[in-house]
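Contents: one structure, followed by commentary.
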Amino acid sequence: MHPAPVRRRLRALAAEPKVVFGGAFILLLIVFAIFAPWLAPKDPLEQDLMLGTLPPAWITGAEPGYWLGTDDLGRDVLSRLIFGTRIALVVALVAATLAAAIGTLLGLIAGWYGGWADRVISRLVDIWMAFPPVLLSILLVAVFGAGVHSVIAAIVIIDWTRFCRVVRSETRSQAQMDYVTAAQTIGFSRVRILFSEILPNVAPVLIALISLEMGIAVIVEAILSFVGLSVSSDTPTWGGMIAAGRQMIYQGWWVMVAPLIALFATVLAFNQLGDGLRRALDPVMRR
């Protein structure tokens, strides 16, 4: 791509507050996930029953070094929160990318070629979306077995339909544009038109949708962790921390509140980033 259009897009991204703030928060989470062993003040698995349910640093009775207090087993809440970022981001990134790849390919085929391909793919999407997503994800993980791979597979199997419907609609709309007619006139093949002409124009919507899907994946992973169907109970996850904190809400409310705030802020950041990317990259919305 020529440098001038790249600079224009970068300026458009920098001028969009949602992209700046949402992207900065996600970047901060990535730093936490990568450097968790060095940033976490304690070992997230270390237990000390003598230090159980210590309050956060700003509450009377706190112990030095335990900024967000401890849970009922004496494990440092802040350290577990930081290490929990790893699971959340890995699931979000991998699941959203795979779901986007599958859904985009099928959506492009359905929207561009139409006919029996469109009918088959559209009916498959309708059938798939008839199932309640959360219940289906729980069922799939129960069948596959607990673990990060199972959680990712469940999200991909469920959410590829979201990408397929949006990309199909965008592809059908782009197929009516003059640049497609011009490409056909000069002899471009249908496959070349699809991937070199239509796909780049669908990309802005797709990028925004991937960001939104990452937020959804974080929620699904937290739900599965909450009910004990994600990683092992020893591995720090936000959903697991919420489940543990729910049982001791009156003795140590901070154990549940801290991961809830992290989960809410992360999902909000992904949503704001997705909306900002859509506004910044879509030429129609920039007018």
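Structural remarks
- Two-decimal Rg/Rh across the chain, once Rg and the Kirkwood Rh are taken from alpha-carbon atoms: 1.07
- Over all other residues within a Cβ to Cβ distance under 13 Å of THR70, the charged ones net out to -4, with Lys and Arg as +1 and Asp and Glu as -1.
- A 1.4 Å probe, protein heavy atoms only, puts the accessible area of PHE144 near 100 Å².
- Net charge, LEU54 excluded, C-beta distance under 12 Å - Lys, Arg +1, Asp, Glu -1: -3
- Each label was represented as a point 7 Å from its Cα along the Cα-to-Cβ direction; for ASP118 and ILE261 these points are 5.1 nm apart.
- Distance (nanometres) between label positions extended 7 Å along Cα→Cβ at ILE59 and ASP43: 2.6 nm
- Ranking of VAL231, VAL31, VAL255 by solvent-accessible surface, largest first: VAL31, VAL231, VAL255 (1.4 Å probe, protein heavy atoms only, all chains present).
- Peptides 195-205, 257-267 ranked from most to least packed by the mean count of surrounding Cβ atoms within 10 Å: 257-267, 195-205.
- Of GLN251, VAL267, LEU281, farthest towards positive along the dipole that unit charges on Lys, Arg, Asp, Glu beta carbons give segment 204-287: LEU281
- Environment charge at ALA99 (Cβ cut-off 11 Å; Lys +1, Arg +1, Asp -1, Glu -1): -1
- Legend: helices of the chain (whole DSSP H runs) are marked when their alpha-carbon atoms reach 20 angstrom or more along the helix axis and their mean Kyte-Doolittle hydropathy is at least 0.0; marked are 17-34, 77-113, 115-129, 148-174, 199-226, 254-281.
- The chain: relative contact order as a whole-number percent, Cα under 8 Å and 6+ apart: 26 percent
- Point-charge dipole on Cβ atoms (K/R +1, D/E -1) for the chain, about Cα centre, debye to 20: 1320 debye
- Listed peptides 244-253, 81-90 by packing density, highest first (mean Cβ within 10 Å): 81-90, 244-253
- Once backbone amide H atoms are built at 1.01 Å from N, THR70 has THR53, LEU54, VAL77 as its partners under 5 Å, excluding neighbours fewer than 5 places away on the same chain.
- ILE109 - accessible surface, heavy atoms, 1.4 Å probe, Å² rounded to 10: 50 Å²
- Under the convention that each Lys and Arg Cβ holds +1 and each Asp and Glu Cβ holds -1, the size of the dipole of segment 75-134 around its Cα centre is about 200 debye.
- Surface accessible to a 1.4 Å probe, TYR113 within the full protein complex, Å²: 100 Å²
The values are calculated or read from the model by the stated rules, or taken from the named source; none is laboratory data. No experiment lies behind these values; they were computed from the predicted model shown. Glycine also receives a Cβ, built like all others from the backbone with ideal geometry; neighbour counts cover every protein chain displayed. Just so you know, the surface numbers come from the protein's heavy atoms only, side chains and all, with ligands and any DNA or RNA stripped out. Shrake-Rupley method; radii C 1.70, N 1.55, O 1.52, S 1.80 Å.
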